[in-house]
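Everything below concerns the one structure shown next.
The values are calculated or read from the model by the stated rules, or taken from the named source; none is laboratory data. Please read these numbers as outputs of a predicted model, since none were measured by experiment. Every residue, glycine among them, receives a Cβ derived from its backbone with ideal geometry; neighbour counts consider all protein chains shown. Surface areas here come from the heavy atoms of the whole protein model, side chains and all, with no ligands, DNA or RNA. Shrake-Rupley method; radii C 1.70, N 1.55, O 1.52, S 1.80 Å.
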Amino acid sequence: FDNKILSLGFSAVFAAQSQGLSLLDFIQLDFLTNMAAFDAGISVWHWKREYDAVRPFSAIRHIYGDDPVTAWGGPGQGTVTDLPASQWKSYLEEADHPEYPSASSCFCAAHAQSARRFLPNGDLLGYPVNRPAGSSRIEPGITPAVDTTLVFDTWTDFAADCGQSRVWAGVHFQSAVDESVKLCDVFGDLAFEYVDSLIDGTA
């Protein structure tokens, strides 16, 4: 989910192919999902500027100082129980912009909602993502330990795991994800309604 082309882009391509969309339908879907995500991004950047919230690495280091915490110890170290909080870091690199709300969660929510409104199978997705053993860019040669396939059965699952991935990776607090999800479905709806009006000629 950190790679928006592989997550947002490829999920739309998979849905188009698996649901038998024509070339024109795929162009409309691609335009629609991108519009939804870009419009959602406008709102996210407004609120990031408004709140200017710190990310977990800043908060944890500030609050706990050198006290020991249980956390990821770094590439190949797994979870350690006595890491000084001042050395805590997220699994993914931190972005250099405010934490709240979560842009990735918002993009995925808007993308998923616009796709489910447009596609003939609605919420059904069935998108498989294959990752060979050791293919991690954070822990190359180490994770995943075995060839792994994740399957997102629905757009709801896709959007939910996209949001949670930001918490699992340590780049967001839960509230940033939860509020983004509440905020961003509407951009999928608005994008769909606009594109639908273009398609039927009533725009």
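Assorted remarks:
- Of the accessible area of region 1-71, computed with a 1.4 Å probe over protein heavy atoms only, carbon and sulfur atoms account for 61 percent.
- Shape metrics for the chain, restricted to C-alpha atoms - Rg then Dmax, Å: 18.8, 63
- Förster radius 45 Å - calculated FRET efficiency between Glu50 and Asp30 (Cβ-Cβ, nearest 0.05): 0.90
- Rounded to the nearest 500, the 222 nm mean residue ellipticity of the chain from helices alone is -17000 deg cm²/dmol, with -39,500 (n - 2.57) taken per DSSP H run of at least 4 residues.
- Dipole axis of region 1-134 (+1 Lys, Arg; -1 Asp, Glu on Cβ), positive-most option in Ser22, Pro56, Pro84: Ser22
- Rolling a 1.4 Å probe over the heavy atoms of the protein chains gives region 1-143 an accessible area of 54 Å² per residue.
- Scalar couplings 3J(HN,Hα) for region 85-97, obtained by applying the Karplus form with A = 6.51, B = -1.76, C = 1.60 to θ = phi - 60°, are 4, 5, 9, 4, 8, 6, 5, 9, 4, 7, 6, 8, 9 Hz; x denotes Gly and Pro.
- Applying a DSSP loop filter and a limit of 12 other Cβ atoms within 10 Å to the GluC sites (Glu not before Pro) in region 88-183 leaves Glu93.
- In percent, rounded to a whole number, the relative contact order of the chain is 26, using alpha-carbon pairs under 8 Å and six or more apart.
- Put a plus charge on the Cβ of each Lys and Arg, a minus charge on the Cβ of each Asp and Glu, and nothing anywhere else: the dipole of the chain about its Cα centre is then about 300 debye.
- Charged side chains reduced to their Cβ positions (Lys and Arg at +1, Asp and Glu at -1) give region 1-76 a dipole of some 80 debye around its Cα centre.
- Relative compactness, region 41-98, computed as alpha-carbon Rg over 2.2 N^0.38 Å: 1.36
- The heavy atoms of Arg61 offer some 90 square angstrom of accessible surface to a 1.4 angstrom probe.
- Label-point separation in nm, Ser175 to Ala95, each point 7 Å along Cα→Cβ: 1.9
- Considering only Ala59, Ala16, Ala191, the Gaussian network model of the chain with Cα springs below 10 Å gives its largest mean-square fluctuation to Ala59.
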